[in-house]
Amino acid sequence: MYKFDFVAPRTAAEAVALLQERGPGGKLLAGGTDLLLQIKARVAKPAYLVDLSHVSELARIEDRPDEGLFVGSMVRLRAIQLSSLLNERCRIVVDGAKLVGSIQIRNLATLGGNLCNAAPSADVAPPLVAAGACAEILGPSGRRRVPLDDFFVGPRRTILAPGELLLGVLIPEAPPRSGGNYLRHTPRKEMDIAVVGVGAILTLEDGYCAAARISLGAVAPTPMRARQAEAMLAGQRLSAGLIKEAGEAAAEEARPISDVRGSAEFRRHLVAELTQRTLTAAWEQAKQEASRR
Ligand SMILES: Cc1cc2nc3c(=O)[nH]c(=O)nc-3n(C[C@H](O)[C@H](O)[C@H](O)COP(=O)(O)OP(=O)(O)OC[C@H]3O[C@@H](n4cnc5c(N)ncnc54)[C@H](O)[C@@H]3O)c2cc1C
């Protein structure tokens, strides 16, 4: 292995100051489940690593009144899976996190690493996009907030500028009578990455669909919203037939490529099928929520 410097700050501000002081060529290290493999394969060759594992302010899940739930970038995916706050208030994010790798991987892998690695197949991104989350970013010129819809730029590329780090994501409180669900297709049951992933959140109002958000993973260079399918549902009385049509519309909107894990045609078929299934599950959940009120 080649030599690189290793620094371990205690605060996010210190991490940003270190990135600025040391200049280009550095990398932030979270759980290392993506980055260390890239270093071993010589795909990444950082001059120095800034280890975030001692930055406790990034490892918190907070309930922020009037804003929603804040999940820090260093929160491990296993902690997300087991969080009672997220299980009660944003199950779709738990749906995504619990599918990643194995327990051993989830004990190391972080939310921030999954998002900042920006793999099109990442399992935590589509649920957060469907949930309308915002990225909170810290850089040399201070903090900024960006809708997660705009965070991803391309495979392995985000809007983070040099010297910036992801503090975490802010997930707004879902309106009452909402339900959400994330599903993916993998040839193997576990330890495999998504050929297609679909997240959906539906909100009901007087028996109608007041709002729908559908996000697709692994069918475009970045996670994408299926906006035409969403528009078909908003303001309508839901039915199995309409949900099937929305699935077909989402498949039309997807921009998949063919690769070793599946052809573009197969991926479109999966988008139609998984969108239909996620919407049906989200609808059921929303109806249960509505009946409790
Ligand atoms: C066996 C195995 C199975 C896997 N299965 C899945 C799967 O099913 N689904 C899936 O989605 N992924 C899977 N992964 C990929 C990986 O585990 C996840 O993407 C994980 O969440 C990455 O988090 P990490 O903390 O390990 O990130 P790291 O590897 O530490 O970092 C990843 C990237 O993010 C950057 N980064 C990290 N934190 C920040 C921050 N706060 N601000 C800015 N940049 C940051 C790093 O610099 C690096 O470029 C798998 C990996 C392995 C090895």
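Structural remarks
- Other-chain or far-sequence residues with amide H under 5 Å of residue 167's (modelled H): 136, 137, 138
- For the pair residue 293 and residue 98, label points projected 7 Å from Cα toward Cβ lie 2.5 nm apart.
- In plain terms, the chain from residue 150 to residue 87 could stretch by 20.1 nm, reckoned as 0.36 nm per residue minus the Cα-Cα distance.
- Nearest 10 degrees, 0 to 90: helix 240-253 Cα axis against the chain principal axis: 40
- Taking label points 7 Å from Cα along the Cα-to-Cβ direction, residue 17 and residue 252 give a separation of 5.6 nm.
- Folded to 0 to 90 degrees: helix 12-22 orientation relative to the chain principal axis, Cα: 50
- Lysines whose Cα lies under 16 Å from that of residue 189, excluding same-chain neighbours fewer than 8 positions away: 98
- Of 45, 189, 27, the residue with the greatest mean-square motion in the GNM of the chain, using alpha carbon springs below 10 Å, is 189.
- Packing-based ranking of 122-128, 164-170 yields 122-128, 164-170, ordered from highest to lowest mean Cβ neighbour count within 10 Å.
- Fully extended contour minus Cα-Cα distance, from residue 260 to residue 67, at 0.36 nm per residue: 65.3 nm
- Basic side chains Lys and Arg get +1 at the Cβ, acidic Asp and Glu get -1 at the Cβ, and with that the dipole of region 57-171 about its Cα centre reaches some 320 debye.
- Qualifying aspartates and glutamates (Cα of each under 16 Å from Cα of residue 27; at least 8 residues distant if same chain): 5, 14, 51, 164
Laboratory data are not the source of any read-out in this text; all were calculated from the coordinates shown. For clarity, every value in this text was computed on a predicted model and none was experimentally measured. No Cβ is skipped: glycine too gets one built from the backbone with ideal geometry, and neighbour counts run over all protein chains shown.
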